[in-house]
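Read the structure below first, then the notes.
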Amino acid sequence: MPGGEAPLYAEATSVLDERDFKDASFARAESGQPLLRLCFAPEGRAKFVHVAEQNLHRRLVFLIHGKLLFAPVIDSATTPECLEVTGWVTAEDAETLQRAIR
């Protein structure tokens, strides 16, 4: 993890999967910071709200085919239809998620 953070541990079974998302795209915030936009399917949004409420200020691990893609910190349980993840994300991360979702 960036900055030499402690190891991350993930649930043995996934909480969300590709069916819980409609789309993923990459952009840049006005500040120039990388921004990943994740749009939820209706059931996925409800699942994420539950996860966010239980894990506020913890990292949410995104694994694709068993490999860590990124692990943003959940900073709010308020979840819009499309969520924006900033920081350690890249255009390649977004492409990987887009392929997994489709």
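The values are calculated or read from the model by the stated rules, or taken from the named source; none is laboratory data. Being a predicted model, the structure only gives us computed values, none of them experimental. Don't worry about glycine lacking a Cβ; one is built from the backbone with ideal geometry, like all the others, and counts go over all protein chains shown. For accessibility, only protein heavy atoms count, side chains too; no ligands or nucleic acids. Shrake-Rupley method; radii C 1.70, N 1.55, O 1.52, S 1.80 Å.
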Exercise. Whose amide H sits under 5 Å from the amide H of Leu69, counting only residues 5 or more places off or on another chain, with H placed in the peptide plane?
Worked result: Phe62, Leu63, Ile64
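Cβ under 12 Å from Leu38's Cβ, Leu38 left aside: what net charge do those residues give with Lys, Arg +1 and Asp, Glu -1?
Details: positive: Lys22, Arg37, Arg45; negative: Glu18, Asp20, Asp23, Glu81, Glu84, Asp93.
Every neighbour counted, the sum reads -3.
Just to confirm, what accessible area per residue do you get for the chain at 1.4 Å probe, in whole Å²?
Numbers: 6870 Å² over 102 residues.
Ligands and nucleic acids excluded, the result is 67 Å² per residue.
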Exercise. If you stretched the chain out fully between His57 and Glu43, how much longer would it get, using 0.36 nm times the residue separation minus the C-alpha to C-alpha distance?
Worked result: 2.8 nm
For this session: With a point put 7 Å past each Cα toward its Cβ, work out how far Ser14 is from Asp75 in nm, to one decimal.
Result: 2.7
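Within the range 1-64, report the trypsin sites (Lys or Arg not before Pro) that DSSP leaves as loop and that have at most 16 other Cβ atoms within 10 Å.
Working: sites: Arg19, Lys22, Arg28, Arg37, Arg45, Lys47, Arg58, Arg59; in loops: Arg58.
Passing both the DSSP loop test and the Cβ count: Arg58.
For a quick check of your reading of the filter: which GluC sites (Glu not before Pro) in the chain sit in a DSSP loop and have no more than 13 other Cβ atoms within 10 Å?
Values: sites: Glu5, Glu11, Glu18, Glu30, Glu43, Glu53, Glu81, Glu84, Glu92, Glu95; in loops: Glu5, Glu11, Glu30, Glu81.
Those satisfying the criteria are Glu5, Glu11, Glu30, Glu81.
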Exercise. For the chain, what's the relative contact order in percent, using C-alpha pairs closer than 8 Å and at least 6 residues apart?
Worked result: 32
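Where does the charge balance sit around Ala94 when Lys and Arg score +1, Asp and Glu -1, over other residues with C-beta under 15 Å from its C-beta? It would help to have the intermediate numbers written out before the result.
Working: positive: Lys22, Arg28, Arg37, Arg99, Arg102; negative: Glu18, Asp23, Glu84, Glu92, Asp93, Glu95.
Every neighbour counted, the sum reads -1.
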For this session: Could you please tell me the mean projected area of the C-alpha convex hull for the chain, averaged over all directions and given in square nanometres to one decimal?
Result: 6.5
Exercise. Say each of Glu84 and Arg28 gets a label point 7 Å from the Cα, pointing the same way as Cα to Cβ; how far apart are those two points in nm?
Worked result: 1.5
